[in-house]
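Chemist: Just dropping this structure here.
Values in this text are rule-based calculations from the coordinates and carry no lab data. These figures come from a predicted structure and were not determined experimentally. Positions of Cβ are backbone-derived with ideal geometry, glycine not excepted, and every protein chain shown enters the neighbour counts.
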Amino acid sequence: MSAQAAKRITDIGPPHYDKFLHPVIKKNYGKWVYHETLAPGVLCHVAESGDRIYTVRAGSPRLLSVQTLRRFADLADKYCGGHLRFTSRNNVEFLLDNKEKIEALKKELNELGFPVGGTNNAISNIVHTQGWVHCHSSATDASGIVKAVMDVLYDRFTHEDLPAKLRVALACCLNMCGAVHCSDIAILGIHRRPPKIQHDVLSKVCELPTLISSCPTGAIRTKTVDGKQSVEVVEEQCMYCGNCYTVCPAMPMNDPENDGISIWVGGKVSNARSAPKFSKLAIPYLPNNPPRWPEVVRAVVNIVDVYAKNAKKFERLGEWIDRIGWPRFFELTGIPFTRYHIDDFKHAGLSYARSAHIRF
Amino acid sequence: MADDQKPKTKLLDELEKGPWPSFVKEIKQAGEKSPVCDDLLGQLELSYEEKKGHWKHGGIVGVLGYGGGVIGRYSDLPDKFPNVAHFHTMRVNQPAGWFYTSDAIRTLCDIWERHGSGLTNMHGSTGDIIFLGTKTSELEPAFKELTEAGFDLGGSGSAMRTPSCCVGPARCEWSCYDTLKTCDDLTRQYQDEMHRPPFPYKFKIKCSGCPNDCVASIARADLSIIGTWKDDIRQDDAAVAQYARAGLDIRKDVCDRCPTRCMEWDGQKLAINNRECVHCMHCINVMPKALRPGQERGATLLIGSKAPIVQGALLSSVLVPFVPENELMDTLKELIRRIWEFWDEYGNNRERVGELIQRVGMANFLDAIGLDPAPEMVAAPRDNPYIFFQKEEAAAEPEPAGA
């Protein structure tokens, strides 16, 4: 082994978190008693010792340049003894031990264009995937739609005026790197046409057995095309999941005319009150309309507004729908109910109304 | 690059307007130092015009000795956008709880400015630090500097993913076990499984300190570790009364919202029937100064959640109703070993562990990993009478219980 190879460092994992904790956090680790919200985006946690740590939370676009990250680092130095963290929803949090510094930090964040908020009954940041910025299988962009939606829902981030928390997520295809399937509102990129098979190259770049077994509905069969070994897709069985494309690049799904967005509602992951649940289909298809996706923005804002107006205190979107029923949800939001709303995959029957409980 | 050589981005420029922070501004800002970003913007503008992505299917790239951690990405228009001909992503293990010092942030920024586009995600969906966009030739140098600075890569492909955790005991009074320590221990323990893909498909672990589940472990982790407690909710009656005086309608907003109606408020005192509490967190969320999780703490372990691909989305379901905090790490390691052994043997290619359980049945899975069935594992016992009785049991004809 050469000297250079011997020095190669591998499998060390991340730096230990202990090195990065604020001294007040280190001292009071596991000894917090309660917290209160001082303003939207500003939390105060109180420890058994009486010590307090203040958190100022700001929204970020997730896609961050090193220049912006350094600016966050500078702010952390100026206000927080160099301590900051990020949340699971791509917010940045500044940790302060001095209450007096909160307003000045908020002012600087606002001047830099990073809104403070996202706590409790506000809409927190939209978690999302890469989209056209970096993904090969996306049916839509991610960052652009998020930006367009959050521009309009901005005040819902900086104010805590909803009945309960509201979590929005976006995934640009069914792979759901953003696992949006348990969100109050999920914006999901979808394909609507089967893959366009590249018969010329398929057998050279793909393993046929892997490709055939990748299809959840068994829609892919071997076929010889122009003397070349390839496959065919039984169109009636294709539900455009794109799983075949994941294992075989010769099965591209991209289709500018037919790709678009679906909207899902009423999911949650928290166990508070009702059990965690999946989001359900609200709108099967909206067109891709960059740069601002007005149809998608209107649809999301409409659902948020109708929910805000009608739900009772502490009702998450799905809990509100549980109370009023789906017919009323479609009526209040003005969203048409179609054949696409009725499930036809495995266990579909479990989603049929199996009682005579009907609200008129 | 002079301004007149910058790509024309009429559509993307629209997304610099409006109050929410703009990713286009971020890309342009990184572009001041990195010409890669100009081609990224140029290609993205084209995607906006044509309504389709321009990235090719990923190829296999990585650093020496690792089979994961780098996502290969290539432009399908390399002649037009040569600077993003390769535009690979590096996934970097995040420190538990996503805590940083300003120095650590600057170290990461300096490395990524030297060896990549200067664009990041803080963080990716799984929790890793994402370094977005570099050439194949920069992977090794970036990796070398990362490891020298104490960072390492995450997982990709059929490998363990970097576990993630909520803020936990670092800044939350509700955390029922040390999520940061558990997450960090697991991340270190399974570096090999993370860096050298050994499985039928991916495996994710997420650690939430309480049933509020701030890292969405029940929806997004093959193994969900959700903190809970076994004894009574700790209750401060004076503080409860204070909430009432401050205008909280305790009957309506707390008692009536309790999923098992296990609490009563007579206008003076809150009485909780803790035996009927399902540990949902609602009352504690509403009155954090008055109610706290109990002191006999630990975690519920759940298994199998995933997004739709391949056989449909799943939520995790209960595997072990309660593990005391002091037994958690040993229990996890042993369980994970048994789960992986079974999955490794019987899992199909690209079959997540939740899908395997759906296919073979939970009871068979429990047999395989040596756990006894418990009523906490099901929402209800089966309602279908097609029971696969085991031969030896039917032959033995045991006296039915309660007969």
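Chemist: Note down the magnitude of the dipole of chain A about its Cα centre, charges +1 on Lys and Arg C-beta and -1 on Asp and Glu C-beta and zero elsewhere, to the nearest 20 debye.
Modeler: On the way: 45 positive and 36 negative charges, 134 e Å.
With Lys and Arg at +1 and Asp and Glu at -1, about 640 debye.
Chemist: Step by step: find N for region A:92-185, compute 2.2 N^0.38 Å, then divide the Cα radius of gyration by it. What's the final number? All intermediate terms of the calculation are to be shown ahead of the outcome.
Modeler: On the way: Rg = 15.4 Å, N = 94, 2.2 N^0.38 = 12.4 Å.
Dividing the Cα Rg of region A:92-185 by 2.2 N^0.38 Å gives 1.25.
Chemist: Now, a different point. For B:Lys33 and B:Glu327, calculate 0.36 nm times their separation in residues minus their Cα-Cα distance, and state this gained length in nm to one decimal. If you can, show how the numbers build up before the last one.
Modeler: On the way: separation 294, 0.36 × 294 = 105.84 nm, distance 5.06 nm.
Value of the extension gain: 100.8 nm.
Chemist: Please list 3J(HN,Hα) in residue order for region B:45-51, calculated via the Karplus relation 6.51 cos²θ - 1.76 cosθ + 1.60 where θ = phi - 60°; whole Hz, with x for glycine and proline.
Modeler: Result, rounded to whole Hz: 4, 5, 4, 5, 6, 8, 6.
Chemist: For the protein assembly as shown, what does the helix formula give at 222 nm: sum of -39500 (n - 2.57) over DSSP H segments with n ≥ 4, over the residue count, nearest 500 deg cm²/dmol? Walk me through the numbers on the way to the answer.
Modeler: Working: 25 runs with 231 residues, N = 763.
For the protein assembly as shown, the value works out to -8500 deg cm²/dmol.
Chemist: Give me the base-10 log of I(q)/I(0) for region B:65-156 at each q in 0.14, 0.16, 0.19 Å⁻¹, Debye formula, one uniform scatterer per Cα, rounded to two decimals.
Modeler: -0.47, -0.61, -0.85
Chemist: Restricting to Cα atoms and excluding each atom paired with itself, what does the Kirkwood estimate give for region B:242-366 in Å? Walk me through the intermediate numbers first.
Modeler: Details: mean 1/r = 0.0564 Å⁻¹.
Kirkwood hydrodynamic radius for region B:242-366: 17.7 Å.
Chemist: By the scheme Lys and Arg +1, Asp and Glu -1, what is the net charge of all other residues having a beta-carbon under 14 Å from that of B:Arg297? Could the numbers behind the result be given before it?
Modeler: Values: positive: A:Lys31, B:Lys181, B:Lys230, B:Arg234, B:Arg292; negative: B:Glu173, B:Asp178, B:Asp231, B:Asp232, B:Glu296, B:Glu325, B:Glu327.
Neighbourhood net charge equals -2.
Chemist: Sticking with this structure for a sec: Which three extents, in whole angstrom, do the alpha-carbon atoms of region A:188-276 cover along their principal axes, largest first?
Modeler: Ordered largest first, region A:188-276 gives principal extents of 61, 29, 22 Å.
Chemist: Using 0.36 nm per residue, how much length does the chain from A:Arg354 to A:Asp322 gain when fully extended, once their Cα-Cα distance is taken away? Display every interim value, and only then the final one.
Modeler: Details: separation 32, 0.36 × 32 = 11.52 nm, distance 1.50 nm.
Result: 10.0 nm gained on full extension.
Chemist: Pop a pseudo-label 7 angstrom from the Cα along the beta-carbon direction at both A:Asn120 and B:Ala149 and give the gap in nm to one decimal.
Modeler: In this crude spin-label approximation the distance works out to 3.8 nm.
Chemist: Over the residues of chain B, compute the C-alpha Rg and express it relative to 2.2 N^0.38 Å. Present the calculation step by step, with values, prior to reporting the outcome.
Modeler: Numbers: Rg = 25.6 Å, N = 403, 2.2 N^0.38 = 21.5 Å.
Computed over Cα atoms of chain B, the ratio equals 1.19.
Chemist: Tally Lys and Arg at +1 and Asp and Glu at -1 over the other residues with C-beta under 11 Å from the C-beta of A:Ala39: what net charge comes out? Please report the intermediate quantities before stating the final value.
Modeler: Working: positive: A:Arg57, A:Lys106; negative: A:Glu36, A:Glu103, A:Glu160.
Net of charged neighbours comes to -1.
Chemist: For a distance above 20 Å, tell me the whole-number percent of Cα pairs in region B:317-403 that qualify.
Modeler: Of all Cα-Cα pairs in region B:317-403, 48 percent lie more than 20 Å apart.
Chemist: Please work through chain B and write down the cysteines that have no neighbouring cysteine Cβ at a distance under 4.7 Å.
Modeler: By the Cβ distance rule, which asks for a partner under 4.7 Å, the isolated cysteines are B:Cys37, B:Cys109, B:Cys172, B:Cys176, B:Cys210, B:Cys255, B:Cys258, B:Cys262, B:Cys277, B:Cys280, B:Cys283.
Chemist: Compute the FRET efficiency between B:Asp372 and A:Phe330 as 1/(1 + (r/R0)^6), taking r as their Cβ-Cβ distance and R0 = 30 Å, and round to the nearest 0.05.
Modeler: Efficiency at R0 = 30 Å is approximately 0.10.
Chemist: Here's a follow-up. Given a Förster distance of 56 Å, report the FRET efficiency between A:Lys204 and A:Gln67 from their Cβ-Cβ distance, rounded to the nearest 0.05. Write out the running numbers ahead of the final one.
Modeler: On the way: r = 43 Å, r/R0 = 0.78.
Calculated value: 0.80.
Chemist: Return the Cα extents of chain A along principal axes one, two and three, sorted largest first, each rounded to a whole Å.
Modeler: That gives 79, 75, 36 Å along the principal axes, largest extent first.
Chemist: Now for a different question. Using the Cα centre as the reference, give the magnitude of the dipole from point charges on the C-beta atoms of the protein assembly as shown (Lys, Arg: +1; Asp, Glu: -1; all else neutral), rounded to the nearest 20 debye.
Modeler: Working: 92 positive and 95 negative charges, 214 e Å.
It works out to roughly 1020 debye.
Chemist: Using 1/(1 + (r/R0)^6) with R0 = 22 angstrom and r between the beta carbons of A:Thr217 and A:Ile342, what's the FRET efficiency to the nearest 0.05? Each step should come with its number before you reach the end.
Modeler: On the way: r = 17 Å, r/R0 = 0.78.
For R0 = 22 Å, the calculated efficiency reads 0.80.
Chemist: Given charges of +1 on the Cβ of Lys and Arg and -1 on the Cβ of Asp and Glu, with all other atoms neutral, how large is the dipole of region B:179-263 about its Cα centre, in debye to the nearest 20? Present the calculation step by step, with values, prior to reporting the outcome.
Modeler: On the way: 14 positive and 13 negative charges, 49 e Å.
Roughly 240 debye, rounded to the nearest 20.
Chemist: Once Rh for region A:114-166 is found with the Kirkwood sum over Cα pairs, what is the Stokes-Einstein diffusion coefficient at 37 °C and 0.692 mPa s, in µm²/s?
Modeler: For these conditions, the coefficient is 274 µm²/s.
Chemist: Now a separate question. Per residue, what volume in Å³ does the convex hull of the Cα atoms of the protein assembly as shown enclose?
Modeler: On the way: hull volume 144.5 nm³, N = 763.
Measuring per residue, one finds 189 Å³ for the Cα hull of the protein assembly as shown.
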